[in-house]
Every structure is written in structure tokens, then in C-alpha cells.
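Visitor: One structure, as C-alpha cells, below. Some questions next.
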Amino acid sequence: MTSFESHIQGDKPAVIDFFTEWCQPCKLMVPILQEVKEAVGERASVLKMDIEKDPVFAELYSIQSVPTLMIFRKGQVYWRKNGITSAHEILEHLQTLLD
């Protein structure tokens, strides 16, 4: 099992940002994800997955555009959104898994 798989299969929620290095909107997500990470601390994982470096997962989750954000817990997808997303919206969806 890869590190990525262990995060999405775990009990702790995992926010995954599927991105590419050349994607400008993806770069705008960096400070937003940092804000999310600071807000949740160790209660959730916040990870980035470069779909060009690891196309297997991009194909597995049908990533058609970047950025695509997904929240996983115990291998299940709880939320998914394409495009730039606010920290508030991400935290709103995470909160239900953290309570």
C-alpha cells in the first residue's frame, strides 16, 4: 500500500488536491490548503497529488480537470469539487467527518 492509499484508507479524513505544476488555478490553492491544514491540525491530512507524476490515481478517480479536491475517509469519497475552492467550503465539508 502506498502512502497515498494509507491516507485515504485511514480513519482520519484526508483532503486530496489533485493538481499539476503548470496549472495556475492550482497554484492559487496552495495558501487555501495551508489555511485548511492550520485549522484542522492533526485531525485530518491535507495532501497534494500531481496527476502527471502519478496518473494511476488520476485515472482511478476520473480526474478530468485540475484542481480537483476530494475528501476521503476509510476509502470512501465524501466530497468532490473541481476548481478553486475556499477554505471555508472545504472546512464545512470536513467538519461533518471531524465531529
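Visitor: Can you compute the FRET efficiency between Asp11 and Ser86 using 1/(1 + (r/R0)^6), with r the Cβ-Cβ distance and R0 = 35 Å? Round to the nearest 0.05.
Guide: Efficiency, rounded to the nearest 0.05: 0.85.
Visitor: Antiparallel DSSP bridges in region 3-98: what percent, to the nearest 5?
Guide: Within region 3-98, antiparallel bridges account for around 65 percent of the total.
Visitor: For region 1-56, go through all pairs of different Cα atoms, get the mean of 1/r, take its inverse, and jot down that Kirkwood value in Å. Present the calculation step by step, with values, prior to reporting the outcome.
Guide: Working: mean 1/r = 0.0825 Å⁻¹.
Hydrodynamic radius (Kirkwood, Cα pairs) of region 1-56 is 12.1 Å.
Visitor: Suppose only helical runs count, i.e. DSSP H with n ≥ 4. What mean residue ellipticity at 222 nm does that imply for the chain under -39500 (n - 2.57) per run, divided by all residues and rounded to the nearest 500 deg cm²/dmol?
Guide: So the calculated ellipticity at 222 nm is -12500 deg cm²/dmol.
Visitor: Could I ask something else about it? Between Gln24 and Ser65, what's the calculated FRET efficiency when r is the beta-carbon distance and R0 is 22 Å? Round to 0.05.
Guide: Step by step, r from the Cβ atoms, then E = 0.95.
Visitor: Further question: Quick one: longest stretch of the chain between exposed loop trypsin sites (Lys or Arg not before Pro), exposed meaning at most 14 other C-beta atoms within 10 Å and loop per DSSP? Show your work: numbers first, answer last.
Guide: Values: sites that count: Lys53, Lys74.
Counting only loop sites that pass the neighbour cut-off, the longest clear stretch is 1-52.
Visitor: Amide H to amide H, which residues 5 or more places from Ser45 or on other chains are under 5 Å from it, using H placed in the peptide plane?
Guide: Ala14, Val15
Visitor: Express in nm, to one decimal, how much length is gained between Ser3 and Leu98 on full extension, taking 0.36 nm for each residue of separation and deducting their alpha carbon distance.
Guide: Contour length minus Cα-Cα distance gives 32.1 nm.
Visitor: Which of the GluC sites (Glu not before Pro) found in region 10-80 are in a DSSP loop and have at most 13 neighbouring Cβ atoms, other than their own, within 10 Å?
Guide: Those that pass, being in a loop and sparsely packed, are Glu21, Glu52.
Visitor: Between Ser45, Ser62, Ser86, which gets the highest mean-square fluctuation from a Gaussian network model of the chain, Cα cutoff 10 Å?
Guide: Ser62
Taken together, the values in this text are just the output of simple stated rules run on the coordinates, not laboratory data. From a predicted model like this one, the values you see are computed outputs, not experimental measurements. Cβ atoms come from the backbone with ideal geometry, glycine included; neighbour counts cover every protein chain shown.
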